[in-house]
Amino acid sequence: MAEFVRIHEVGPRDGLQNEPGLIGVDRKVALIDLLGTSGLRDIEVGSFVSPKWVPQMADTDQVLARLHPVEGVRYGVLVPNMRGWDGFIAARVPGVTYEVAVFISASEGFSQSNLNCSIATSVERLSPVVQAAQAAGVGVRGYISCVTDCPFDGAVPPEAVARAAAMLRDVAPMPLSLGDTIGKGTPARVTAMLEAVMAEVPVGDLAGHFHDTGGRALANISAALDLGVRAFDSAVGGLGGCPYAPGAPGNVATEAVLELVHGLGFTTGIDVDVIDRAAEMARGMR
Ligand code: HMG
Ligand code: MG
């Protein structure tokens, strides 16, 4: 039987958060609803972060209220602190499956830029979020940014990523997504980083999150597949970026990841035709 690769669609969050022109709730919901019919099981739809920091995500409560939930799809939201958790609790719709994502950086420079605090403080602030989510029966995912390079601190040693992974896993044994935030990684460096993290975390709990700035995201995914990683984040139409990481456009495109993994004989359960239509819709939002 063909092996399964899990694709985590992050376009409506990571993709759209970086778009300078405000995109209306209706257009976001149309994209999310179309993605929901594709066979994707994970769609990240927004963030409960400061609207001053990321204005594009300020309407996430309305997105949750208006999207048409699909059975079997988990809708993800970023939550950095208890203020964000309270926002999520106020906005969530009963009966819908959600996942909250907490996020830290492997480098201090990006932690300051993205969260306005040190790595250690960011972990302190997200810990009660994880506990609240566990108590409420909501799934949690942890992101680590800058797993190969930081826009402020330069190359990030694999041990720093392994340390960050251990810090999150000390909070709770959550699955982790490893972000090459500025797309500078190479297959060799991604391999070294993964080997260090895999000494701390079972590979089945790891996902790769590659931005395609350097045009190597697919090569990096191949390197991760070689080490047994079977979950990847991507954004339809290659939307994406992080407003606090200069030089971080474009998540790897979902359609390109599907072509790669299907070509290698993996299954994803995702209908490529629907993703192609969603990619066209996403490109129209730029
Ligand atoms: P701060 O200014 O240090 O926070 O920001 P604060 O606690 O001093 O609060 C300042 C103001 O923000 C207060 O409001 C708070 O109430 C409010 P005021 O009194 O000034 O009116 N506030 C909030 N409002 C709404 N929701 C909240 C919230 N928290 C505080 N949750 C903070 C700290 C974490 C809020 C800020 O730095 C922030 O929002 N950062 C988020 C940045 C972000 O979303 N970045 C993009 C996502 S990460 C990413 O893209 C990487 C990833 O894709 C993986 C990869 O590629 O590597 C995941
Ligand atoms: Mg990202």
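The numbers here are math on the coordinates, done by the rules we state, and not lab data. Computed from a predicted structure; not experimentally measured. Here the Cβ positions follow ideal geometry from the backbone for every residue, glycine too, while neighbour counts run over all protein chains shown.
For the reader, a short list of remarks on this structure follows.
- If you go through segment 29-71 and keep only what is polar (S, T, N, Q), over 18 Å from the mean Cα position of the chain (by Cα) and either in a helix (DSSP H, G or I) or crowded, with 24+ Cβ neighbours inside 10 Å (or both), you end up with 38, 62.
- The test for being under 25 Å from residue 109 (Cβ atoms), of a type in the set (Val, Ile, Thr) and crowded, with 24+ Cβ neighbours inside 10 Å does not hold for residue 257.
- If the condition is being within 14 Å of ligand 1 (Cβ to nearest atom) and assigned to a helix (DSSP H, G or I), then segment 1-28 contributes 11, 12, 13, 14, 15, 16, 17, 18.
- Pairs with Cβ under 6 Å, 6+ apart, first in segment 76-105 and within 26 Å of residue 161 (Cβ to Cβ) and touching a residue at least 40 places away in the same chain (Cβ under 8 Å), second surrounded by 14 or more Cβ atoms within 10 Å (Cβ to Cβ) and of a type in the set (D, E, K, R): 76/44; 76/99; 81/125; 99/74; 99/141; 101/141
- When residues of segment 72-110 are limited to those that are closer than 18 Å to residue 128 by Cβ, more than 10 Å from ligand 1 (Cβ to nearest atom) and not basic (Lys, Arg), the one surrounded by the fewest Cβ atoms within 10 Å (Cβ to Cβ): 90
- Residue identified as within 24 Å of residue 203 (Cβ to Cβ), of a type in the set (A, V, I, L, M) and touching a residue at least 24 places away in the same chain (Cβ under 8 Å) among 67, 126, 115: 126
- Residue match in segment 155-176 (condition: in contact (Cβ under 8 Å) with a residue 40 or more places away in the chain, buried (at least 17 other Cβ atoms within 10 Å of the Cβ), of a type in the set (A, V, I, L, M, F, W, C) and within 10 Å of ligand 1 (Cβ to nearest atom)): no
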